[in-house]
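Scroll down for the structure; my scribbles are underneath it.
The values are calculated or read from the model by the stated rules, or taken from the named source; none is laboratory data. The model shown is predicted, which means the values in this text are computed figures rather than measured ones. Methodologically, a virtual Cβ is constructed for each residue, glycine included, from the backbone with ideal geometry; neighbour enumeration extends over all protein chains shown.
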Amino acid sequence: MAGDLPGMKGVDGTAFEAFSMRELSAQTFDEGLREAGDGLAVVFFWGVDCFNCEVAKKTMLAQREAIDALGLRWYHANVYADMALARRFALHGVPTFFFFHAGKKLGRATGWHGLPQFRLAVAAARDKIAAAGSKTGLQKGS
């Protein structure tokens with residue numbers, strides 16, 4: 001398959017490459033998220049042979065400019081191969097997207113319900129960042 005991930009025959013990694021998604025595991029998760037710095041990070045939890053995960057990847061690729069415009073730092077994790085992550089985040093299905101800022105979990109979007117719903121989830125995560133900043137007296141640009 002075009003875009004196969006190394007060591008995972010049949011897994012199309014085109015979306016992971018297109019959005020510069022860094023692969024995370026239970027061992028690298030926290031350290032990997034630290035690399036996002038002050039950016040809004042999203043982790044795409046997926047699984048091999050997950051039909052809905054493949055639909056999400058293909059739909060995201062078809063709307064690449066709109067997804068890029070969201071300004072996210074992307075990560076991905078195959079939770080079928082890393083059950084420790086699935087347990088840590090109490091996943092009952094994939095695809096699931098978790099949003100993080102400065103290492104803190106802000107929320108999740110379970111399933112891919114299209115770009116409008118994903119934008120709403122991103123906006124909700126950004127609202128939480130703004131609310132946390134106003135509680136500490138921090139403002140943009142300070």
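Each row is one residue, and each column tells you yes or no for (1) over 18 Å from K105 (Cα atoms); (2) modelled with pLDDT of 95 or more; (3) β-branched (V, I, T); (4) touching a helix residue (DSSP H, G or I) at 6+ places or on another chain (Cβ under 7 Å).
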residue	(1), (2), (3), (4)
P6	yes, no, no, no
F29	no, yes, no, yes
L40	no, yes, no, yes
C53	yes, yes, no, no
K58	yes, yes, no, no
R64	yes, yes, no, yes
H76	no, yes, no, yes
Exercise. Any chance the range 76-97 includes a residue that's in a helix (DSSP H, G or I) and surrounded by 15 or more Cβ atoms within 10 Å (Cβ to Cβ)?
Worked result: yes
Exercise. Say we look at the range 111-122 and pick out the residues that are within 14 Å of the chain's Cα centre (by Cα) and among the small types (G, A, S); which of these is surrounded by the fewest Cβ atoms within 10 Å (Cβ to Cβ)?
Worked result: G111
Exercise. Among (1) without any contact (Cβ under 8 Å) to a residue 60 or more places away in the chain; (2) in a helix (DSSP H, G or I), which single condition is I129 missing?
Worked result: (1)
Exercise. Out of (1) touching a residue at least 12 places away in the same chain (Cβ under 8 Å); (2) surrounded by fewer than 17 Cβ atoms within 10 Å (Cβ to Cβ); (3) of a type in the set (D, E, K, R), what's the single condition that is false for R73?
Worked result: (2)
For this session: Would you please name the residue that is surrounded by the fewest Cβ atoms within 10 Å (Cβ to Cβ), looking only at residues in the range 43-70 that are within 15 Å of W112 (Cβ to Cβ) and of a type in the set (G, A, S)?
Result: A62
For this session: Pick out the one residue from L115, L106 that is under 26 Å from D49 (Cα atoms) and in contact with a helix residue (DSSP H, G or I) (Cβ under 7 Å, 6 or more places away or on another chain).
Result: L115
Seminar exercise, completed: Considering residues that are in contact (Cβ under 8 Å) with a residue 60 or more places away in the chain and either part of a loop (DSSP other than H, G, I, E, B) or among the β-branched types (V, I, T) (or both), the number found within the range 12-36 is 4
